[in-house]
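Comments concern the structure below.
The values are calculated or read from the model by the stated rules, or taken from the named source; none is laboratory data. No experiment lies behind these values; they were computed from the predicted model shown. Backbone-built Cβ (ideal geometry, glycine too); neighbour counts: all protein chains shown. Only protein heavy atoms, including side chains, enter the accessible area calculation; ligands, DNA and RNA are left aside. Shrake-Rupley method; radii C 1.70, N 1.55, O 1.52, S 1.80 Å.
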Amino acid sequence: MDIIDIFIKSIWAGIAAIGFAILFNVPRRTIFTIWTLGFLGGLIKFSVMHFDLGIVFASFLGATAIGIASIQTAHIKKSPPLVFSIPAVIPMVPGLFAYKMMLGLIALTRMENTDTYLQNLIETVNNGAKMMFVLISLGTGVAIPMLLSRKESIKKSKFNKNKKLVV
Amino acid sequence: MKTLKEDAQSVGNILLEIGAMLMSSGASTNRTRVTLERIAKGLGYGVELLITQRALMLTIIEKDQQHFFSRLKRISPHGVNFRIVSGISHLSWNIMEENWTVAQITEELQCLKSLPHYPRYVVLGFVGLAGAAFCHIFGGGTTEMAVAFAATIAGLFVRQEATKKKFNPYLCVFFAAFTASLFAGLAEYYHVGLQPDKAFATSVLFLVPGVPLINSVSDLMDGNIQNGIVRAMYGLMIAFSIAMGLFAVKMILNV
(Lines give C-alpha, C1' and ligand atoms only; values in the text may rest on other atoms or scores of the structure.)
Protein backbone atom coordinates (compact mmCIF):
# COMPACT_ATOMS: atom_id res chain seq x y z
CA MET A 1 0.00 0.00 0.00
CA ASP A 2 1.91 3.02 -1.19
CA ILE A 3 1.10 6.43 -2.60
CA ILE A 4 0.37 5.26 -6.15
CA ASP A 5 -2.01 2.61 -4.86
CA ILE A 6 -3.90 5.19 -2.79
CA PHE A 7 -4.00 7.48 -5.81
CA ILE A 8 -5.45 4.83 -8.12
CA LYS A 9 -8.03 3.79 -5.54
CA SER A 10 -9.10 7.41 -5.17
CA ILE A 11 -9.53 7.73 -8.94
CA TRP A 12 -11.85 4.73 -8.84
CA ALA A 13 -13.71 6.24 -5.88
CA GLY A 14 -14.37 9.27 -8.08
CA ILE A 15 -15.70 7.00 -10.85
CA ALA A 16 -18.03 5.30 -8.37
CA ALA A 17 -19.26 8.77 -7.37
CA ILE A 18 -20.04 9.56 -11.03
CA GLY A 19 -21.98 6.29 -11.35
CA PHE A 20 -24.24 7.30 -8.49
CA ALA A 21 -24.47 10.88 -9.71
CA ILE A 22 -25.85 9.65 -13.03
CA LEU A 23 -28.22 7.26 -11.26
CA PHE A 24 -29.52 10.28 -9.29
CA ASN A 25 -29.90 12.34 -12.47
CA VAL A 26 -27.69 15.31 -11.55
CA PRO A 27 -27.41 18.29 -13.93
CA ARG A 28 -24.78 17.63 -16.58
CA ARG A 29 -22.59 20.62 -15.64
CA THR A 30 -21.89 19.15 -12.17
CA ILE A 31 -20.52 15.72 -13.18
CA PHE A 32 -16.83 16.59 -13.37
CA THR A 33 -17.01 18.45 -10.06
CA ILE A 34 -18.57 15.38 -8.45
CA TRP A 35 -15.71 13.24 -9.75
CA THR A 36 -13.22 15.71 -8.22
CA LEU A 37 -15.01 15.65 -4.87
CA GLY A 38 -15.20 11.85 -4.86
CA PHE A 39 -11.49 11.72 -5.68
CA LEU A 40 -10.68 14.20 -2.91
CA GLY A 41 -12.75 12.30 -0.35
CA GLY A 42 -11.19 8.99 -1.35
CA LEU A 43 -7.68 10.45 -1.23
CA ILE A 44 -8.19 11.73 2.31
CA LYS A 45 -9.96 8.58 3.51
CA PHE A 46 -7.38 6.12 2.14
CA SER A 47 -4.44 8.27 3.31
CA VAL A 48 -5.80 8.46 6.85
CA MET A 49 -6.50 4.72 6.84
CA HIS A 50 -2.92 4.20 5.69
CA PHE A 51 -1.77 5.69 9.03
CA ASP A 52 -3.96 3.21 10.96
CA LEU A 53 -6.34 5.77 12.39
CA GLY A 54 -9.37 3.58 11.80
CA ILE A 55 -12.11 3.61 9.18
CA VAL A 56 -14.53 5.72 11.26
CA PHE A 57 -12.17 8.66 11.70
CA ALA A 58 -10.96 8.34 8.09
CA SER A 59 -14.51 8.49 6.75
CA PHE A 60 -15.26 11.44 8.99
CA LEU A 61 -12.31 13.46 7.67
CA GLY A 62 -13.11 12.54 4.06
CA ALA A 63 -16.76 13.52 4.45
CA THR A 64 -15.85 16.80 6.14
CA ALA A 65 -13.54 17.69 3.26
CA ILE A 66 -16.34 16.88 0.80
CA GLY A 67 -18.81 18.97 2.82
CA ILE A 68 -16.57 22.05 2.82
CA ALA A 69 -15.63 21.66 -0.84
CA SER A 70 -19.27 21.16 -1.85
CA ILE A 71 -20.18 24.56 -0.40
CA GLN A 72 -17.43 26.23 -2.39
CA THR A 73 -18.45 24.50 -5.61
CA ALA A 74 -22.17 25.01 -5.05
CA HIS A 75 -21.77 28.70 -5.71
CA ILE A 76 -19.57 28.29 -8.77
CA LYS A 77 -21.71 25.62 -10.44
CA LYS A 78 -25.04 27.05 -9.22
CA SER A 79 -26.57 23.94 -7.63
CA PRO A 80 -27.33 23.22 -3.97
CA PRO A 81 -24.45 21.61 -2.03
CA LEU A 82 -26.22 18.29 -1.51
CA VAL A 83 -26.16 17.64 -5.25
CA PHE A 84 -22.35 17.45 -4.95
CA SER A 85 -21.90 16.06 -1.48
CA ILE A 86 -24.26 13.05 -1.54
CA PRO A 87 -22.95 11.31 -4.71
CA ALA A 88 -19.36 12.06 -3.64
CA VAL A 89 -19.89 10.57 -0.17
CA ILE A 90 -21.75 7.44 -1.32
CA PRO A 91 -18.60 5.44 -2.29
CA MET A 92 -17.72 5.68 1.42
CA VAL A 93 -21.09 4.29 2.61
CA PRO A 94 -20.25 1.09 4.48
CA GLY A 95 -22.31 -1.24 2.29
CA LEU A 96 -19.95 -4.15 2.87
CA PHE A 97 -20.33 -3.93 6.66
CA ALA A 98 -24.11 -3.57 6.37
CA TYR A 99 -24.41 -6.69 4.30
CA LYS A 100 -21.99 -8.68 6.45
CA MET A 101 -24.05 -7.71 9.49
CA MET A 102 -27.26 -8.81 7.79
CA LEU A 103 -25.75 -12.14 6.69
CA GLY A 104 -24.44 -12.61 10.24
CA LEU A 105 -27.87 -11.96 11.73
CA ILE A 106 -29.46 -14.45 9.34
CA ALA A 107 -26.79 -17.03 10.14
CA LEU A 108 -27.46 -16.58 13.87
CA THR A 109 -30.97 -17.95 13.44
CA ARG A 110 -29.81 -21.44 12.55
CA MET A 111 -26.74 -22.09 14.68
CA GLU A 112 -26.64 -24.76 17.35
CA ASN A 113 -23.03 -24.85 18.48
CA THR A 114 -22.25 -22.30 21.24
CA ASP A 115 -18.71 -21.57 20.09
CA THR A 116 -19.54 -20.77 16.48
CA TYR A 117 -22.58 -18.83 17.74
CA LEU A 118 -20.40 -16.63 19.93
CA GLN A 119 -17.83 -16.17 17.18
CA ASN A 120 -20.54 -15.14 14.74
CA LEU A 121 -22.17 -12.85 17.31
CA ILE A 122 -18.90 -11.01 17.91
CA GLU A 123 -18.34 -10.50 14.19
CA THR A 124 -21.92 -9.38 13.62
CA VAL A 125 -21.82 -6.81 16.43
CA ASN A 126 -18.44 -5.59 15.21
CA ASN A 127 -19.68 -5.14 11.64
CA GLY A 128 -22.90 -3.51 12.83
CA ALA A 129 -21.08 -1.05 15.08
CA LYS A 130 -18.62 -0.13 12.31
CA MET A 131 -21.48 0.41 9.88
CA MET A 132 -23.41 2.63 12.30
CA PHE A 133 -20.48 4.81 13.30
CA VAL A 134 -19.17 5.22 9.76
CA LEU A 135 -22.66 6.26 8.70
CA ILE A 136 -22.98 8.77 11.53
CA SER A 137 -19.54 10.17 10.79
CA LEU A 138 -20.45 10.56 7.09
CA GLY A 139 -23.67 12.40 7.88
CA THR A 140 -22.00 14.62 10.47
CA GLY A 141 -19.00 15.31 8.25
CA VAL A 142 -21.18 16.50 5.38
CA ALA A 143 -23.30 18.63 7.72
CA ILE A 144 -20.38 20.21 9.61
CA PRO A 145 -19.79 23.29 7.42
CA MET A 146 -23.49 24.15 7.65
CA LEU A 147 -23.54 23.56 11.42
CA LEU A 148 -20.51 25.76 11.95
CA SER A 149 -21.65 28.62 9.74
CA ARG A 150 -25.13 28.54 11.40
CA LYS A 151 -26.84 29.95 8.35
CA GLU A 152 -29.92 28.71 6.57
CA SER A 153 -28.47 28.99 3.12
CA ILE A 154 -25.05 28.99 1.56
CA LYS A 155 -25.83 32.29 -0.14
CA LYS A 156 -25.66 33.94 3.27
CA SER A 157 -22.75 31.98 4.70
CA LYS A 158 -19.28 33.35 5.35
CA PHE A 159 -17.76 30.92 2.87
CA ASN A 160 -19.28 33.02 0.11
CA LYS A 161 -18.96 36.50 1.53
CA ASN A 162 -16.52 37.76 -1.08
CA LYS A 163 -18.34 36.22 -4.03
CA LYS A 164 -21.60 37.78 -2.89
CA LEU A 165 -20.08 41.24 -3.30
CA VAL A 166 -19.01 40.46 -6.83
CA VAL A 167 -22.40 39.11 -7.93
CA MET B 1 -44.80 44.76 3.94
CA LYS B 2 -45.33 43.54 0.41
CA THR B 3 -48.70 43.92 -1.21
CA LEU B 4 -50.21 40.49 -1.83
CA LYS B 5 -50.69 39.76 -5.50
CA GLU B 6 -51.80 36.15 -5.18
CA ASP B 7 -54.62 34.52 -3.23
CA ALA B 8 -53.74 32.22 -0.35
CA GLN B 9 -55.23 29.15 -1.97
CA SER B 10 -53.13 29.10 -5.14
CA VAL B 11 -49.99 29.93 -3.15
CA GLY B 12 -50.75 27.09 -0.73
CA ASN B 13 -51.28 24.62 -3.55
CA ILE B 14 -48.07 25.56 -5.31
CA LEU B 15 -46.10 25.32 -2.03
CA LEU B 16 -47.48 21.84 -1.39
CA GLU B 17 -46.53 20.72 -4.87
CA ILE B 18 -42.98 22.05 -4.50
CA GLY B 19 -42.64 20.41 -1.08
CA ALA B 20 -43.84 17.06 -2.37
CA MET B 21 -41.43 17.24 -5.31
CA LEU B 22 -38.50 18.06 -3.01
CA MET B 23 -39.25 15.31 -0.50
CA SER B 24 -39.66 12.63 -3.17
CA SER B 25 -36.50 13.72 -5.04
CA GLY B 26 -34.20 13.23 -2.08
CA ALA B 27 -33.93 16.56 -0.23
CA SER B 28 -33.60 16.51 3.56
CA THR B 29 -36.48 17.68 5.75
CA ASN B 30 -34.72 20.85 6.81
CA ARG B 31 -33.97 21.78 3.22
CA THR B 32 -37.63 21.30 2.24
CA ARG B 33 -38.77 23.44 5.16
CA VAL B 34 -36.28 26.25 4.48
CA THR B 35 -37.11 26.31 0.76
CA LEU B 36 -40.88 26.44 1.33
CA GLU B 37 -40.53 29.18 3.95
CA ARG B 38 -38.32 31.18 1.60
CA ILE B 39 -40.80 30.90 -1.27
CA ALA B 40 -43.73 31.81 1.00
CA LYS B 41 -41.84 34.84 2.27
CA GLY B 42 -41.03 35.87 -1.29
CA LEU B 43 -44.76 35.82 -2.09
CA GLY B 44 -45.57 37.74 1.11
CA TYR B 45 -47.05 34.99 3.30
CA GLY B 46 -46.19 33.28 6.57
CA VAL B 47 -46.28 29.49 6.59
CA GLU B 48 -46.44 26.69 9.18
CA LEU B 49 -45.46 23.19 8.09
CA LEU B 50 -45.68 19.60 9.24
CA ILE B 51 -43.38 17.48 7.07
CA THR B 52 -43.45 13.70 7.23
CA GLN B 53 -42.05 11.13 4.87
CA ARG B 54 -45.35 10.35 3.11
CA ALA B 55 -47.49 13.47 3.68
CA LEU B 56 -47.16 17.22 3.90
CA MET B 57 -49.41 19.50 5.97
CA LEU B 58 -49.37 23.25 5.53
CA THR B 59 -51.16 26.31 6.82
CA ILE B 60 -50.45 29.65 5.23
CA ILE B 61 -51.39 32.89 6.88
CA GLU B 62 -51.78 36.36 5.43
CA LYS B 63 -49.72 38.42 7.81
CA ASP B 64 -52.06 41.35 8.42
CA GLN B 65 -55.41 39.63 7.90
CA GLN B 66 -57.40 36.92 9.56
CA HIS B 67 -57.54 34.60 6.56
CA PHE B 68 -55.62 31.38 6.38
CA PHE B 69 -55.55 28.29 4.18
CA SER B 70 -54.76 24.70 5.21
CA ARG B 71 -54.28 21.59 3.16
CA LEU B 72 -52.79 18.13 3.34
CA LYS B 73 -50.95 16.47 0.46
CA ARG B 74 -49.77 12.93 0.04
CA ILE B 75 -46.20 12.47 -1.16
CA SER B 76 -45.75 9.71 -3.69
CA PRO B 77 -42.22 8.29 -3.83
CA HIS B 78 -40.49 8.70 -7.21
CA GLY B 79 -36.85 7.97 -6.65
CA VAL B 80 -33.96 10.36 -6.26
CA ASN B 81 -33.72 13.13 -8.83
CA PHE B 82 -31.20 15.87 -8.12
CA ARG B 83 -32.07 17.81 -11.25
CA ILE B 84 -35.38 18.72 -9.61
CA VAL B 85 -33.70 19.63 -6.29
CA SER B 86 -31.26 21.87 -8.15
CA GLY B 87 -34.00 23.45 -10.28
CA ILE B 88 -36.22 24.22 -7.30
CA SER B 89 -33.29 25.86 -5.52
CA HIS B 90 -32.87 28.26 -8.45
CA LEU B 91 -36.63 28.81 -8.53
CA SER B 92 -36.76 29.82 -4.86
CA TRP B 93 -34.05 32.45 -5.32
CA ASN B 94 -35.74 33.77 -8.43
CA ILE B 95 -38.96 34.18 -6.44
CA MET B 96 -37.13 36.08 -3.68
CA GLU B 97 -35.12 38.35 -5.95
CA GLU B 98 -37.27 38.85 -9.05
CA ASN B 99 -40.78 38.72 -7.54
CA TRP B 100 -42.13 35.88 -9.66
CA THR B 101 -45.88 35.27 -9.84
CA VAL B 102 -47.65 31.97 -9.22
CA ALA B 103 -48.30 31.58 -12.95
CA GLN B 104 -44.58 31.84 -13.66
CA ILE B 105 -43.81 29.34 -10.89
CA THR B 106 -46.34 26.83 -12.25
CA GLU B 107 -44.82 27.11 -15.71
CA GLU B 108 -41.30 26.60 -14.31
CA LEU B 109 -42.43 23.53 -12.31
CA GLN B 110 -43.90 21.97 -15.46
CA CYS B 111 -40.62 22.65 -17.20
CA LEU B 112 -38.66 21.01 -14.35
CA LYS B 113 -40.86 17.92 -14.36
CA SER B 114 -40.29 17.39 -18.07
CA LEU B 115 -36.48 17.65 -17.80
CA PRO B 116 -34.94 14.54 -19.35
CA HIS B 117 -33.23 11.71 -17.50
CA TYR B 118 -29.95 10.37 -18.81
CA PRO B 119 -30.42 7.76 -21.56
CA ARG B 120 -30.82 4.27 -20.18
CA TYR B 121 -27.61 2.83 -21.63
CA VAL B 122 -25.60 5.71 -20.14
CA VAL B 123 -27.06 5.02 -16.69
CA LEU B 124 -26.42 1.28 -17.03
CA GLY B 125 -22.87 1.83 -18.26
CA PHE B 126 -21.83 4.28 -15.57
CA VAL B 127 -23.42 2.35 -12.71
CA GLY B 128 -21.64 -0.74 -14.03
CA LEU B 129 -18.38 1.23 -13.89
CA ALA B 130 -19.24 2.20 -10.32
CA GLY B 131 -19.63 -1.50 -9.50
CA ALA B 132 -16.22 -2.21 -11.01
CA ALA B 133 -14.83 0.74 -9.03
CA PHE B 134 -16.15 -0.70 -5.76
CA CYS B 135 -14.56 -4.02 -6.65
CA HIS B 136 -11.21 -2.30 -7.20
CA ILE B 137 -11.49 -0.38 -3.91
CA PHE B 138 -12.07 -3.62 -2.00
CA GLY B 139 -9.03 -5.18 -3.65
CA GLY B 140 -10.34 -7.10 -6.65
CA GLY B 141 -8.28 -7.69 -9.81
CA THR B 142 -9.20 -7.03 -13.43
CA THR B 143 -11.22 -10.22 -13.93
CA GLU B 144 -13.23 -9.59 -10.76
CA MET B 145 -13.86 -6.02 -11.87
CA ALA B 146 -15.23 -7.26 -15.18
CA VAL B 147 -17.51 -9.71 -13.36
CA ALA B 148 -18.73 -6.95 -11.00
CA PHE B 149 -19.32 -4.66 -14.02
CA ALA B 150 -21.51 -7.21 -15.79
CA ALA B 151 -23.30 -8.27 -12.61
CA THR B 152 -24.12 -4.67 -11.71
CA ILE B 153 -25.52 -3.96 -15.18
CA ALA B 154 -27.68 -7.09 -15.04
CA GLY B 155 -28.92 -6.20 -11.56
CA LEU B 156 -29.75 -2.59 -12.39
CA PHE B 157 -31.55 -3.67 -15.57
CA VAL B 158 -33.73 -6.06 -13.56
CA ARG B 159 -34.43 -3.35 -10.99
CA GLN B 160 -35.52 -0.88 -13.68
CA GLU B 161 -37.80 -3.46 -15.29
CA ALA B 162 -39.29 -4.48 -11.94
CA THR B 163 -39.91 -0.82 -11.04
CA LYS B 164 -41.64 -0.31 -14.38
CA LYS B 165 -43.94 -3.25 -13.63
CA LYS B 166 -44.77 -1.58 -10.30
CA PHE B 167 -43.56 -4.29 -7.94
CA ASN B 168 -43.18 -3.52 -4.26
CA PRO B 169 -39.93 -1.48 -3.90
CA TYR B 170 -38.35 -4.01 -1.54
CA LEU B 171 -39.13 -6.80 -4.00
CA CYS B 172 -37.50 -4.77 -6.78
CA VAL B 173 -34.35 -4.55 -4.69
CA PHE B 174 -34.55 -8.26 -3.88
CA PHE B 175 -34.81 -9.19 -7.57
CA ALA B 176 -31.90 -6.91 -8.43
CA ALA B 177 -29.72 -8.24 -5.62
CA PHE B 178 -30.61 -11.80 -6.60
CA THR B 179 -29.72 -11.26 -10.27
CA ALA B 180 -26.48 -9.42 -9.59
CA SER B 181 -25.23 -11.89 -7.00
CA LEU B 182 -26.35 -14.87 -9.10
CA PHE B 183 -24.19 -13.51 -11.89
CA ALA B 184 -21.20 -13.01 -9.61
CA GLY B 185 -21.97 -16.26 -7.77
CA LEU B 186 -21.87 -18.25 -11.01
CA ALA B 187 -18.43 -16.76 -11.68
CA GLU B 188 -17.38 -17.92 -8.24
CA TYR B 189 -18.97 -21.34 -8.82
CA TYR B 190 -16.94 -21.86 -12.00
CA HIS B 191 -13.80 -20.34 -10.42
CA VAL B 192 -13.44 -17.35 -12.73
CA GLY B 193 -10.66 -15.05 -11.50
CA LEU B 194 -8.43 -15.27 -8.45
CA GLN B 195 -10.66 -13.78 -5.73
CA PRO B 196 -14.23 -14.37 -6.93
CA ASP B 197 -15.63 -13.63 -3.46
CA LYS B 198 -14.70 -9.95 -3.91
CA ALA B 199 -16.86 -9.70 -7.01
CA PHE B 200 -19.67 -11.47 -5.15
CA ALA B 201 -19.56 -9.01 -2.24
CA THR B 202 -19.32 -5.86 -4.37
CA SER B 203 -21.82 -6.80 -7.10
CA VAL B 204 -24.76 -5.58 -5.00
CA LEU B 205 -23.24 -2.36 -3.61
CA PHE B 206 -25.00 -0.22 -6.23
CA LEU B 207 -28.26 -0.99 -4.39
CA VAL B 208 -27.03 0.44 -1.07
CA PRO B 209 -29.56 3.08 0.04
CA GLY B 210 -27.06 5.92 0.41
CA VAL B 211 -29.48 8.82 0.06
CA PRO B 212 -31.99 7.69 2.72
CA LEU B 213 -29.19 6.80 5.13
CA ILE B 214 -27.28 10.09 4.78
CA ASN B 215 -30.50 12.11 4.84
CA SER B 216 -31.50 10.16 7.92
CA VAL B 217 -28.40 11.31 9.78
CA SER B 218 -28.84 14.93 8.67
CA ASP B 219 -32.53 14.85 9.71
CA LEU B 220 -31.60 13.48 13.13
CA MET B 221 -28.98 16.22 13.51
CA ASP B 222 -31.46 18.94 12.55
CA GLY B 223 -33.93 17.72 15.17
CA ASN B 224 -36.39 16.06 12.78
CA ILE B 225 -36.11 12.86 14.80
CA GLN B 226 -39.24 11.25 13.41
CA ASN B 227 -38.27 11.63 9.76
CA GLY B 228 -34.73 10.56 10.60
CA ILE B 229 -35.97 7.32 12.14
CA VAL B 230 -38.34 6.66 9.26
CA ARG B 231 -35.55 7.10 6.71
CA ALA B 232 -33.14 4.95 8.71
CA MET B 233 -35.76 2.19 8.94
CA TYR B 234 -36.37 2.41 5.19
CA GLY B 235 -32.62 2.13 4.59
CA LEU B 236 -32.40 -0.89 6.85
CA MET B 237 -35.32 -2.59 5.08
CA ILE B 238 -33.54 -2.09 1.74
CA ALA B 239 -30.31 -3.46 3.23
CA PHE B 240 -32.32 -6.44 4.49
CA SER B 241 -33.77 -7.06 1.00
CA ILE B 242 -30.24 -6.98 -0.44
CA ALA B 243 -29.08 -9.48 2.18
CA MET B 244 -32.07 -11.71 1.34
CA GLY B 245 -31.11 -11.72 -2.34
CA LEU B 246 -27.52 -12.65 -1.48
CA PHE B 247 -28.68 -15.27 0.98
CA ALA B 248 -30.95 -16.91 -1.60
CA VAL B 249 -28.05 -17.16 -4.08
CA LYS B 250 -25.77 -18.54 -1.39
CA MET B 251 -28.34 -21.25 -0.60
CA ILE B 252 -28.81 -22.16 -4.27
CA LEU B 253 -25.15 -22.25 -5.34
CA ASN B 254 -23.78 -23.23 -1.95
CA VAL B 255 -20.66 -21.08 -2.46
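Name the residues in the stretch A:103-127 that are touching a Phe, Trp or Tyr at 6+ places or on another chain (Cβ under 6 Å) and not in a loop (DSSP other than H, G, I, E, B), would you? Residues satisfying the conditions are A:I106, A:N127. Every listed requirement among (1) surrounded by fewer than 17 Cβ atoms within 10 Å (Cβ to Cβ); (2) without any contact (Cβ under 8 Å) to a residue 40 or more places away in the chain; (3) under 27 Å from A:V83 (Cβ atoms) is met by B:Q226 save one, (2). Against the definition (within 14 Å of chain A (Cβ to nearest Cβ) and open to solvent by 50 Å² or more (accessible area, probe 1.4 Å)), how does B:Y189 come out, yes or no? No. Residue check: is B:M21 among the hydrophobic types (A, V, I, L, M, F, W, C) and modelled with pLDDT of 90 or more? Taking the combined requirement at face value, the residue satisfies it. All conditions in (1) of a type in the set (F, W, Y); (2) facing chain A (nearest Cβ under 10 Å); (3) open to solvent by 30 Å² or more (accessible area, probe 1.4 Å) hold for B:F206, with the sole exception of (3). Taking (1) among the aromatic types (F, W, Y); (2) surrounded by 21 or more Cβ atoms within 10 Å (Cβ to Cβ); (3) within 11 Å of chain A (Cβ to nearest Cβ) in turn, B:F240 satisfies each apart from (2).
Residue-by-condition table, conditions (1) charged (D, E, K, R); (2) in contact (Cβ under 8 Å) with a residue 40 or more places away in the chain:
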| site | (1), (2) |
| --- | --- |
| A:M92 | no, yes |
| A:M102 | no, no |
| A:L105 | no, no |
| A:E123 | yes, no |
| A:N127 | no, no |
| A:M131 | no, no |
| A:T140 | no, yes |
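Scanning the stretch A:40-72 for residues that are among the aromatic types (F, W, Y) and touching a residue at least 60 places away in the same chain (Cβ under 8 Å) yields A:F57, A:F60.
Provide a single number: the residues in the stretch A:59-80 that are in a helix (DSSP H, G or I), within 10 Å of chain B (Cβ to nearest Cβ) and more than 18 Å from A:A16 (Cβ to Cβ). Within the stretch A:59-80, residues that are in a helix (DSSP H, G or I), within 10 Å of chain B (Cβ to nearest Cβ) and more than 18 Å from A:A16 (Cβ to Cβ) number 2.
Is it the case that A:V83 is more than 26 Å from B:P212 (Cβ to Cβ) and either within 13 Å of the chain's Cα centre (by Cα) or modelled with pLDDT under 90 (or both)? Here the answer is no, as A:V83 does not meet what is asked.
Among the conditions (1) in contact (Cβ under 8 Å) with a residue 40 or more places away in the chain; (2) over 15 Å from the mean Cα position of the chain (by Cα); (3) under 26 Å from A:T109 (Cβ atoms), the only one that B:Y170 does not satisfy is (2).
Would you please name the residue that is nearest to A:A21 (Cα to Cα), looking only at residues in the stretch B:7-26 that are aliphatic (A, V, I, L, M) and touching a residue at least 60 places away in the same chain (Cβ under 8 Å)? The qualifying residue nearest to A:A21 (Cα to Cα) is B:L22. Apart from one condition, A:S70 fits all of (1) modelled with pLDDT of 80 or more; (2) open to solvent by 20 Å² or more (accessible area, probe 1.4 Å); the exception is (2).
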